[in-house]
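Engineer: Dumping the structure here so I can ask a few things about it.
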Amino acid sequence: MIDVNNSPGASGSEPSNDTSATRKNTTELVKATLARRYAAEKRFRFYGIFAIAASLLFLAVLLTSIFIKGLPAFTATKVQLEVTLDTELLGIDATANEDAIRAANYAAVIKKAMRERFPDATKRKQKKELDRLMSTGAEYDIARRVQENPNLLGQTVTLWLQADDELDALIKSGVDLTKPDAISTRMSDQQIAWANQFKETGEVKTGFNTAFFTNGDSREPEQAGIRAALTGSAFTLLVTFLLSFPIAVAAAIYLEEFAPQNRWTDIIEVNINNLAAVPSIVFGLLGLAVFINFMHLPRSAPIVGGLVLSLMTLPTIIIASRASLKAVPPSIREAATGLGASPQQVVWHHVLPLAMPGILTGTIIGLAQALGETAPLLMIGMVAFIVDIPTSITDASTVLPVQVFLWADSPERAFVERTSAAIIVLLGFLVAMNAVAVLLRKKFERRW
Amino acid sequence: MVDKALNDTHQSAFDAIKETVGEFTVADPKMRTKNVDVFYGDKQAIFDVSLDIGNNEVIAMIGPSGCGKSTFLRCLNRMNDTIPTCRVSGSMSLEGEDLYGPNLDPVLLRARVGMVFQKPNPFAKSIYDNVAYGPRIHGLSNNRAELDDIVIGSLKKAGLYDEVKDRLEAPGTSLSGGQQQRLCIARTIAVSPEVILMDEPCSALDPIATARIEELIDELRENYAIAIVTHSMQQAARVSQRTAYFHLGKLVEVGETNHIFTNPSHELTENYITGRFG
């Protein structure tokens, strides 16, 4: 390569024969392998298409099953009832204060109304069965109306009231109520006959299930809602995002742009990668030991959940951010450095904006993981039965996947559809998060 | 066997380069380097190079690939600082100030010694912001009008203004390769450096764009000292006043460009410029 003077004719006429002979040979050899190579490619393509088709099929089956099971939960049955708000039965009069109005005996009023509607229920057992057609939610509904308008006391009003989950399921299933033997339900034939009467006279209707989105958890399926879990998830994710995003991005920038390459940074890098592979329940144990037992943060609270999920999300975001920073072409760094930008200016003005779409994608992946996480939250007590909607990050709360877990464990049949409905809401939450990520990506990518 | 023979010839060629032929100093240097050695880890890339860069001159650095000319160029504004294993010894100075001394911060140095790279590398910003970036970070303008003047002046000097004056807000990356390289030159000029280093600025460009850049280099010589690394000997002959020939990390010969190209003193230089190798 250096001293060509010593070997002037090294590549003279001799090799040309050799070349043409080789060329002929090469043609034949290549021809012989062509069919095999193309077959291999075809096979590989087929594997790919098959894999994608199979995964699409499974996804379709999964989603279809969830939606078929879950969609009925978004509607609820209401019963029309003529209720006399008898002050004597309620035990209050027009001068009652708010607390008294709330505590009044609305159950008696509803029972009376039902018995007036179906006078044929005379036996004790029949009366009990009749009472069970209405949800306890109906009492809260009447209480709310009376609170809003105390003038209703003493009047007779026609109201649409919440039906019990069994009646709700019966009406929504759309079966023929005249043949009670063919129906699989826990309701008695007598109850089905009453339901049929309601249906024939148009005294039942199904409408949007607002209770599902406004209530917290409940032992009564028709009153159970996801509001508490949804709020809890939102608070938890907020804490997770606020903690993990800045810390992870700062760590990634430092490690990628400023840290010297030595044994310490190698150890840190290996450990970050290992952290990403630690089972999430271990983080839950750590959260229990450190945040609750040592730091005495409130149990079951989104702040602890957020802290634990941050620990879990950090490695994901760090790894994604580092990859994204590494992918920024070095020529951009050189250009800025060559102009006299300080290392920090190079990063903030040029590298970070270009890496931002990738960092955001990593963040969303991490947060999506956190949103679906159950195990570590069980350890810190977010598996509680939460009726009240949490109002701050220190209130006891639960999250969507834990709510799904709790409902899936409940024996009442109406919880089956609510479990699936909660999964649909969880998926909706995820889709919304991804949509935000896509929007942000678009916004940052325009700077290219 | 072959490898060993090659290594031997390599070694003998390396040993044959005793000291630089020709006058490596100038009377009134802008930058002066003496006995510079550069190491990447254990590997030495530059051996005992001494070279001056004069005022208002274009000095071309030529030589086969891997001869260390780019490495040397990048030492002149401490771009090699970004490579952790890189180590520089010897003395390098800009107007008598030590480049690696405590008084000359690398950020300040790079503002005074600008650099144009092999591949056009405009920022992911508008044409205007590309040129305005340097003045902005160094605080060279007090208001928008002054900044406008700097940007437009730089674009004019780089011979790009007429082509882009209607779309200063368009992204820098939307320009053609040659335009992008002139944008990079405009960006460098905008900081008003004293020296401009060019690392094969035309290697990614077509002949027409190359011709425009060469014209530009010639015009810029009036105000700046320019050091250009190039693989094209024709380009070196066209644009430079002095030429330095590097080989295997050593500076073999340096002298007036027409002297080097018509009557080289060193055998290796002659072999290279006559196209026997490289």
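Engineer: For region B:9-145, please report how many Lys pairs fall under 24 Å Cα to Cα, leaving out neighbours fewer than 8 apart on the same chain.
Structural biologist: Here the count comes out as 8.
Engineer: What is the set of long-range amide H partners of B:ILE46 at a cut-off below 5 Å, with H atoms built 1.01 Å from backbone N?
Structural biologist: Close amide H contacts, sequence-distant or interchain: B:VAL38.
Engineer: Something else now. Take B:GLU270, A:GLU220 and sort them by solvent-accessible surface of the protein heavy atoms, 1.4 Å probe, largest at the top. Mind showing how you got there, number by number?
Structural biologist: On the way: B:GLU270 90, A:GLU220 70 Å².
I get B:GLU270, A:GLU220, largest accessible area first.
Engineer: Taking a probe of 1.4 angstrom, what is the accessible area of A:HIS296 in Å², to the nearest 10?
Structural biologist: Approximately 140 Å² for this residue.
Engineer: Place a label point 7 angstrom from the Cα of A:SER410 along the Cα-to-Cβ direction, then list the residues of region A:367-396 whose backbone nitrogen is under 14 Å away.
Structural biologist: Flagged as within label range: A:384-388.
Engineer: Can you list residues from other chains, or at least 5 along the same chain, whose modelled amide H is less than 5 Å from the amide H of A:LEU161?
Structural biologist: Counting only residues 5 or more places away or on other chains, the set is A:VAL79, A:GLN80, A:LEU81.
Engineer: Which of the residue pairs A:LYS326/B:LYS165; A:LYS125/A:LYS179; A:LYS69/A:LYS125; A:LYS42/A:LYS326; A:LYS443/B:LYS156 have a Cα-Cα distance greater than 29 Å in the structure shown?
Structural biologist: A:LYS326/B:LYS165; A:LYS69/A:LYS125; A:LYS42/A:LYS326; A:LYS443/B:LYS156
Engineer: Enter the accessible area of A:ILE424 (Å², nearest 10), with the probe set to 1.4 Å and all protein chains included.
Structural biologist: 20 Å²
Engineer: Need one number: % antiparallel among DSSP beta bridges in region A:75-208, to the nearest 5.
Structural biologist: The antiparallel fraction comes to roughly 100 percent.
Engineer: Where a ≥ b ≥ c are the square roots of the eigenvalues of the C-alpha gyration tensor, would you call region A:163-253 rounded, which needs a/c under 1.5, or, failing that, prolate if a/b is larger than b/c, or oblate?
Structural biologist: Verdict is prolate for region A:163-253.
Engineer: Further, regarding this structure: If one computes P(r) from the Cα atoms of chain A, what percent of pairs lie at distances over 28 Å?
Structural biologist: Here the long-distance tail beyond 28 Å is 68 percent of all Cα pairs in chain A.
Engineer: Kindly provide the helix-only [θ] at 222 nm of chain A, computed as the sum of -39,500 (n - 2.57) over DSSP H runs of four or more divided by all residues, to the nearest 500 deg cm²/dmol?
Structural biologist: Rounded to the nearest 500, the figure is -20000 deg cm²/dmol.
Engineer: What are the ³J(HN,Hα) couplings of region A:116-131, residue after residue, when phi is run through the Karplus curve with 6.51, -1.76, 1.60 and θ = phi - 60°? Round to Hz, x for glycine and proline.
Structural biologist: 5, 6, 10, x, 6, 7, 10, 6, 4, 5, 5, 4, 4, 5, 5, 4
Engineer: So which residue, out of A:THR316, A:THR394, A:THR33, gets the largest mean-square fluctuation from a GNM of chain A using Cα contacts under 10 Å as springs?
Structural biologist: A:THR33
Engineer: Among A:GLN261, A:GLN190, A:GLN403, which one shows the highest mean-square fluctuation when chain A is modelled as a Gaussian network with alpha-carbon springs under 10 Å?
Structural biologist: Maximum fluctuation in the GNM of chain A, among the listed residues, is at A:GLN261.
Engineer: While we're looking at this one, here's another question. Could you order B:LYS30, A:LYS111 so the one with the most accessible surface comes first? Probe is 1.4 Å.
Structural biologist: The residues order as A:LYS111, B:LYS30, largest area first.
Engineer: Can you run phi through the Karplus equation (6.51, -1.76, 1.60; θ = phi - 60°) for region A:89-97 and list ³J(HN,Hα) in whole Hz, with x for Gly and Pro?
Structural biologist: For region A:89-97, the Karplus curve yields 5, 6, x, 9, 10, 4, 8, 4, 7 Hz.
Engineer: For B:MET115, list long-range residues whose amide hydrogen, built 1.01 Å from N in the peptide plane, is under 5 Å from its own amide hydrogen.
Structural biologist: Those lying under 5 Å, H to H, from B:MET115 are B:LEU197.
Engineer: What do you reckon, how do B:ASP218, B:ASP162 stack up by accessible area (1.4 Å probe), largest on top? Don't jump to the answer; show the numbers that get you there.
Structural biologist: On the way: B:ASP218 75, B:ASP162 120 Å².
Final ranking, largest accessible area leading: B:ASP162, B:ASP218.
Engineer: What shape does region A:246-397 have by the C-alpha gyration tensor, where a ≥ b ≥ c are the square roots of the eigenvalues, rounded means a/c under 1.5, and otherwise prolate means a/b greater than b/c and oblate the rest?
Structural biologist: prolate
Engineer: Please report the accessible area of B:LEU248 (heavy atoms, 1.4 Å probe, ligands and nucleic acids excluded) in Å², nearest 10.
Structural biologist: Estimated to the nearest 10 Å², B:LEU248 gives 30 Å².
Engineer: Sticking with this one: Among the DSSP beta bridges whose two residues both lie in the protein assembly as shown, what percent are antiparallel, rounded to the nearest 5?
Structural biologist: Counting only bridges with both partners in the protein assembly as shown, antiparallel ones make up about 70 percent.
Engineer: Only helical DSSP H runs with n ≥ 4 go in: add -39500 (n - 2.57) per run for chain B, normalise by residue count and round the 222 nm mean residue ellipticity to 500 deg cm²/dmol.
Structural biologist: Helix contribution divided over all residues of chain B: -11000 deg cm²/dmol.
Engineer: If you plug each phi of region A:317-322 into the Karplus form 6.51 cos²θ - 1.76 cosθ + 1.60 with θ = phi - 60°, what whole-Hz ³J(HN,Hα) values come out, in order, with x for Gly and Pro?
Structural biologist: Rounded to whole hertz, the list is 5, 4, 5, 5, 5, 5.
Engineer: In chain B, what percentage of the DSSP-assigned beta bridges are antiparallel, given to the nearest 5?
Structural biologist: If I count the DSSP bridges inside chain B, around 60 percent turn out antiparallel.
Engineer: For chain B, take the longest principal axis of its alpha carbons; what is the angle in degrees between that and the long axis of helix B:144-157, to the nearest 10 within 0 to 90?
Structural biologist: 40 degrees
Engineer: I'd like the FRET efficiency for A:SER331 and A:ASN25, computed as 1/(1 + (r/R0)^6) with the beta carbon distance as r and R0 of 30 Å, rounded to 0.05. Write down the numbers at each step before the final one.
Structural biologist: Details: r = 44 Å, r/R0 = 1.47.
Efficiency computed from Cβ-Cβ geometry: 0.10.
The values are calculated or read from the model by the stated rules, or taken from the named source; none is laboratory data. Quick caveat, the model's predicted, so the values are computed rather than measured. Positions of Cβ are backbone-derived with ideal geometry, glycine not excepted, and every protein chain shown enters the neighbour counts. Accessible surface areas use protein heavy atoms only, side chains included; no ligands, DNA or RNA. Shrake-Rupley method; radii C 1.70, N 1.55, O 1.52, S 1.80 Å.
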